[in-house]
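Working notes, beginning with the structure itself.
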Amino acid sequence: MLNPKCFNFLTLFISLLSLPSPTISQSSSLTNFLHCLHYGSDPIVSQSIYIASNPSFQTILQARIKNRRFLNPETLKPVAIVVPTRIDHVQGTVICAKDNGLQIRIRSGGHDYEGLSYRSNVTFIILDMSNFRSIDIDVKTETAWVQSGATLGELYYHIANKTNMHGFPSGICPTVGIGGHFSGGGYGNLMRKYGLSVDNILDIIAVDALGNVHDRASMGEDLFWAIRGGGAASFAVVVSYKIKLVRVPNKVTVFRKGFTLEQGATDLVHKWQQVAPNINEEFFIKVKLEPSFINGNQTVTATFIGFFLGRREKLLPIISKTFPELNLTQQDCHEMRWVETTLFWAGFPIGTPIETLLNRTIWTPLFFKNKSDYVKSVIPKESLNKIWKMTMAMMNRNDINKTRFDLECSPYGGKMNVIPESNTPFPHRKGNLFLIQYAFSWIDEGNNVSFNNIKKLRKLYDGMTPYVSKDPRECFLNYRDLDIGSNRSNETSFDDAKIYGRKYFKDNYTRLTKVKASVDPNNFFKYEQSIPPIK
């Protein structure tokens, strides 16, 4: 364990006179915070900390903001952004922020749907972990150490650089940060075979609220349990993870095939609900439902996207037996290395160089709002027809080039039915047929545009109530959604937290509050949907 003391971040005096209209309390807190960082024996270059007067402040702030809803003047900015390069810098930031009453928001990739890693309504700093991005692959032990600021794309690339026979079960977007993805559960097209990201984490290095550094042995099994799916930012700053690599064949198979309502999409989606969660666990088939206009007529397109841990000659007989209505042919199927499928799933053309996975700025940020649901019973065809009407209401002909909406449905079953709900804080296991992500994005600016689009999404979400989980209506933490309940930025009401806590964690919520009371009883690590210490 490292000594929890303040470390020197600045080798020069930082003037606060140029800060834009700070309050007295903000100036005092920031001044004392910077002085705390200054008094140490191990200085780093001044470029590791940014305040508003720094010319690079705005660039650093916006570089990892993916949701343009929070790139507006109304969003309160941090008084400082710390971009540490060593673990003792993380310790110093935690200690100095705590001693001076500053809230910390921890950011790795910045994909969090509600922007809680880089915004708050009280005086705060951002601890940006983007420099913590080293990845060490050990093929012999089939393990890897990956730091929390690395991206999924970087992890996939480095695995492939060392071995063609291993992969890791995580998400499909290569620019997602490891820290947030793993701490919320992390799922992808390998989950029916190998479970979630958190089911394959062996060790963690983290800094607690006292500034102490822990590994699994010193933090204890309760905290190790909590930060694998319970939202690590409620408990500690995760620096790195030791993960278990999983085995994949030399060649795997993928396909993508779409059908409109006129081409029988309703029957196919109805059958998919029965097949996808129960088929061979080496097969993952997702369906994406999108309103569209074809020849001037509005419809819904159901696109089936498949992944199989094997060659197509083995896949086709399975599909022919279990899902012949899909009419899958050899020409529909593409064989490739596992790492190449990560680009396919992210929407890149087949043949895209795997070096693309290293690009952290592939996509331009959009305005968006997402939500999630779990489905436990097959939705009847007549109900699907009602859902199609609600889905088409999300978009009119004038919106076609301005907005995008889809329901992404990912099947469960396989390994997800075997792992107990209490194994990690992530409880959504046996009994779920599939997970729905409602993804709504738009390009037009303006608060009224955002308000109206979010209102439409909420109306559809309300309309889905009869078809999804109940008591509680479950949600996925990685698809953060403040609509399901929240606290104020600097307060954590136990009663309010119970509302969203039960939806994210079900019966695991109580244990999370007990762990919180043990490791952070004064509730230093908090945000709008954090875990409170139990009363």
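Does the stretch 257-279 contain at least one residue that is in the same structural domain as Pro324 (by the TED database), closer than 30 Å to Asn401 by Cβ, part of a loop (DSSP other than H, G, I, E, B) and of a type in the set (Gly, Ala, Ser)?
yes
Would it be correct to say that Lys371 is on the phi < 0 side of the Ramachandran plot and open to solvent by 50 Å² or more (accessible area, probe 1.4 Å)? Outline the logic, then answer.
Values: on the phi < 0 side of the Ramachandran plot: yes; open to solvent by 50 Å² or more (accessible area, probe 1.4 Å): no.
Answer is no for this residue.
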Filter result for the condition that a residue is open to solvent by 30 Å² or more (accessible area, probe 1.4 Å) and either in the same structural domain as Glu282 (by the TED database) or in contact (Cβ under 8 Å) with a residue 12 or more places away in the chain (or both), over Asn432, Asn453, Asn487, Asn448:
Asn448
I need the full set of residues from the stretch 374-394 which are of a type in the set (Lys, Arg) and in a loop (DSSP other than H, G, I, E, B), in order please.
Lys376
Extreme residue, modelled with the lowest pLDDT, among residues of the stretch 493-527 that are open to solvent by 30 Å² or more (accessible area, probe 1.4 Å) and touching a Lys or Arg at 6+ places or on another chain (Cβ under 8 Å):
Phe494
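Here is a check on your reading of the model: is Ile243 of a type in the set (Val, Ile, Thr), crowded, with 16+ Cβ neighbours inside 10 Å, at pLDDT 95 or above and within 30 Å of Glu528 (Cα to Cα)?
So Ile243 passes the test.
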Test each condition in (1) assigned by the TED database to the domain that holds Pro427; (2) part of a helix (DSSP H, G or I); (3) among the aliphatic types (A, V, I, L, M) for Ala233 and report the one that comes out false.
(1)
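For the stretch 337-360, what are the residues that are farther than 27 Å from Gln263 by Cβ and touching a residue at least 40 places away in the same chain (Cβ under 8 Å)? So that I can check it myself, show each step before the final result.
Of all residues in the stretch 337-360, those farther than 27 Å from Gln263 by Cβ come to 337-340, 342-343, 351-360.
The answer is Arg337, Trp338, Val339, Thr342, Leu343, Ile354, Glu355, Thr356, Leu357, Leu358, Asn359, Arg360.
Yes or no: the stretch 54-74 includes at least one residue that is assigned to a strand (DSSP E or B) and either open to solvent by 20 Å² or more (accessible area, probe 1.4 Å) or under 22 Å from Phe367 (Cβ atoms) (or both).
Restricting attention to the stretch 54-74, the residues satisfying the condition of being assigned to a strand (DSSP E or B) are 67.
Next cut, either open to solvent by 20 Å² or more (accessible area, probe 1.4 Å) or under 22 Å from Phe367 (Cβ atoms) (or both) only: 67.
Checked the stretch 54-74: at least one residue is assigned to a strand (DSSP E or B) and either open to solvent by 20 Å² or more (accessible area, probe 1.4 Å) or under 22 Å from Phe367 (Cβ atoms) (or both).
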Within the bounds of the stretch 470-481, is there any residue that is in a loop (DSSP other than H, G, I, E, B), closer than 30 Å to Trp363 by Cβ, in contact (Cβ under 8 Å) with a residue 24 or more places away in the chain and in the same structural domain as Pro411 (by the TED database)?
no
Does any residue of the stretch 132-146 turn out to be open to solvent by less than 20 Å² (accessible area, probe 1.4 Å), within 18 Å of Phe70 (Cα to Cα) and in a strand (DSSP E or B)?
no
When you go through (1) more than 20 Å from Leu34 (Cβ to Cβ); (2) in contact with a strand residue (DSSP E or B) (Cβ under 8 Å, 6 or more places away or on another chain); (3) not assigned by the TED database to the domain that holds Val237 one by one for Ala97, which number turns out not to apply?
(1)
I'd like the full set of residues that are among the β-branched types (Val, Ile, Thr), under 26 Å from Ala439 (Cβ atoms) and open to solvent by 20 Å² or more (accessible area, probe 1.4 Å), limited to the stretch 102-131.
Ile106
With the structure loaded, tell me whether Ile318 is in contact with a Phe, Trp or Tyr (Cβ under 9 Å, 6 or more places away or on another chain) and assigned to a loop (DSSP other than H, G, I, E, B) or whether it fails that test.
no
Residue in the stretch 89-104 that is modelled with pLDDT of 95 or more, part of a loop (DSSP other than H, G, I, E, B) and within 21 Å of the chain's Cα centre (by Cα) present:
no
Within the stretch 275-310, which residues are farther than 25 Å from Leu457 by Cα, touching a strand residue (DSSP E or B) at 6+ places or on another chain (Cβ under 6 Å) and either open to solvent by 40 Å² or more (accessible area, probe 1.4 Å) or of a type in the set (Phe, Trp, Tyr) (or both)?
Phe283, Phe284, Phe307, Phe308
Given the conditions (1) under 30 Å from Val90 (Cβ atoms); (2) buried (at least 18 other Cβ atoms within 10 Å of the Cβ); (3) of a type in the set (Gly, Ala, Ser), and given that Ala265 satisfies all but one, which numbered condition is not satisfied?
(1)
Please find, within the stretch 212-230, the residue that is most open to solvent (accessible area, probe 1.4 Å) out of those that are of a type outside the set (D, E, K, R) and in a helix (DSSP H, G or I).
Ala217
Restricting to the stretch 185-211, and then to whatever is within 23 Å of Tyr412 (Cα to Cα) and among the charged types (D, E, K, R), can you tell me which residue is least open to solvent (accessible area, probe 1.4 Å)?
Arg192
Considering each of Tyr467, Tyr438, Tyr461 in turn, give the residue that is over 22 Å from the mean Cα position of the chain (by Cα), surrounded by 15 or more Cβ atoms within 10 Å (Cβ to Cβ) and farther than 26 Å from Phe224 by Cα.
Tyr467
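The values are calculated or read from the model by the stated rules, or taken from the named source; none is laboratory data. Given the structure is predicted, the values throughout are model-derived calculations rather than measurements. Note that we place each Cβ from the backbone using ideal geometry, even for glycine, and neighbour counts take in every protein chain shown. Note: accessible area is taken over every heavy atom of the protein model, side chains too, but ligands, DNA and RNA are not part of it. Shrake-Rupley method; radii C 1.70, N 1.55, O 1.52, S 1.80 Å.
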